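Any read-out appearing in this document is the output of simple, stated calculations on the displayed coordinates, not a laboratory observation. This one's a predicted model, so the numbers in the text were calculated from it and none came from an experiment. Positions of Cβ are backbone-derived with ideal geometry, glycine not excepted, and every protein chain shown enters the neighbour counts.
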Amino acid sequence: MGKKIYPELPDEEVISRILMDHQTELFEILYLRYHHKVLDKCYSLLKNRNQALELTEDILSKVYEKLSTFGKRASFSSWLYAITYNQCIDYLREKKSLHYPEWNRKNEIPEIIYHPEEDLQDINYENLSIVLDMIHPEEKAMLMMKYHDDLSMKEVAAALRISPDAAKMRLKRARTRVFYLYKKKFLENK
Amino acid sequence: MKNFFHRLLRGNSFAPPVKVQNALYKNFREPLSIEWFSRENHFEAIFYMGKREYLARFQQDGSMMDYKINLPAEALPEKIRRSAGSKGEIMNAVVIHEGEKVSYEIIYRNENLERFITIINQEGIQSIERPL
């Protein structure tokens with residue numbers, strides 16, 4: 001007899017069955033559904049496939065352990081991604097000793113781009129990807145959390161362990177830095 | 001991915017009532033790269049002045065509630081830097097102006113890399129502290 005598969009079950013229904021009916025084997029659905037997405041995010045920040053794989057397993061284990069704390073305030077994916085970014089940032093801070101304040105001090109933004117949509121016309125997305133890899137991983141993580149995964153500023157702040165208002169101002173800085181670097185690398189002397 | 005880049009480039013394109021926008025210019029000389037947000041019962045502007053990030057909050061009638069500035073640790077007054085520095089390494093600092101009252105929101109980490117947030121007044125006295 002084959003294993004029952006529930007491909008169409010929404011995330012919240014899967015979680016409900018795991019927690020209420022103790023159908024713990026259903027966590028495999030979430031695992032298979034999100035493993036590659038979590039891995040992609042880890043790899044984009046860690047830049048090392050083995051470390052990203054290891055961290056992905058740690059994250060999904062942690063999510064399984066904390067499943068009863070998923071409050072349904074946000075979607076499961078938002079909750080999962082918030083944990084993912086938090087773990088990546090903690091990993092980078094601890095294992096790679098990444099020190100954002102020091103890096104920020106050494107990388108002041110000489111020019112504030114006021115109107116990026118005007119100043120950076122015909123922006124090339126491939127080049128923008130290159131610029132994203134030039135900034136600090138914490139800044140990159142913030143931009144991804146906000147503009148790719150649509151996490152709230154409260155979730156962004158919690159992932160970075162700063163206050164929401166500090167997160168809003170730091171996000172501003174991250175965007176400004178991206179625009180400056182793009183202009184400097186790809187538009188000046190064109 | 002294209003949608004991510006588009007949203008990153010566009011930022012937030014909300015515009016509050018004109019009297020609120022005017023209030024920003026009345027209170028701050030040459031704010032740049034302004035982004036407006038509508039919150040529960042007020043408006044928020046995040047912008048640059050000089051090289052510093054600012055966050056200012058306004059009521060619906062245009063009166064300013066408070067404003068905050070992101071500061072590097074070395075820009076903190078000596079008293080504040082000493083008070084916060086005695087607890088651990090300063091990782092983020094924000095000065096808060098609310099009317100005549102000035103306070104500082106400091107995030108520091110201890111030797112175990114545990115982070116805490118604390119509010120310190122102008123005299124260097126801590127009022128609130130909690131782990132992050």
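Tabulated data
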item: Near pairs, Cβ below 6 angstrom, 6+ apart or cross-chain, from region A:168-182 (without any contact (Cβ under 8 Å) to a residue 60 or more places away in the chain) to any residue that is β-branched (Val, Ile, Thr); result: A:168/B:46; A:172/B:46; A:178/A:131; A:181/A:131
item: Residues satisfying the stated conditions in region B:97-126, i.e. over 24 Å from residue B:53 (Cα atoms) and without any contact (Cβ under 8 Å) to a residue 12 or more places away in the chain; result: B:112, B:113
item: Filter result (in a loop (DSSP other than H, G, I, E, B), farther than 25 Å from residue A:111 by Cβ and more than 10 Å from chain B (Cβ to nearest Cβ)) within region A:146-190; result: A:151, A:152
item: First in region B:54-66 and within 10 Å of residue B:43 (Cα to Cα), second anywhere and among the small types (Gly, Ala, Ser), Cβ under 6 Å, 6 or more apart; result: B:56/B:45; B:58/B:23; B:62/B:23
item: Test: residue A:103 is more than 9 Å from chain B (Cβ to nearest Cβ) and under 21 Å from residue B:112 (Cα atoms); result: yes
item: Residue match in region A:130-151 (condition: free of Cβ contacts under 8 Å to residues at least 40 places away in the same chain, within 21 Å of residue B:6 (Cα to Cα) and in contact with a strand residue (DSSP E or B) (Cβ under 9 Å, 6 or more places away or on another chain)); result: no
item: Residues within region B:33-53 that are more than 14 Å from the chain's Cα centre (by Cα) and either exposed (fewer than 15 other Cβ atoms within 10 Å of the Cβ) or free of Cβ contacts under 8 Å to residues at least 12 places away in the same chain (or both), tallied; result: 5
item: Hits in region A:153-168 (condition: farther than 19 Å from residue A:90 by Cα and under 18 Å from the mean Cα position of the chain (by Cα)); result: A:168
item: Qualifying strands (runs of 3 or more DSSP E) (wholly inside region B:30-132; at least 3 residues being within 11 Å of chain A (Cβ to nearest Cβ)); result: B:32-38, B:43-49, B:52-58, B:64-71, B:89-98, B:101-109, B:115-121
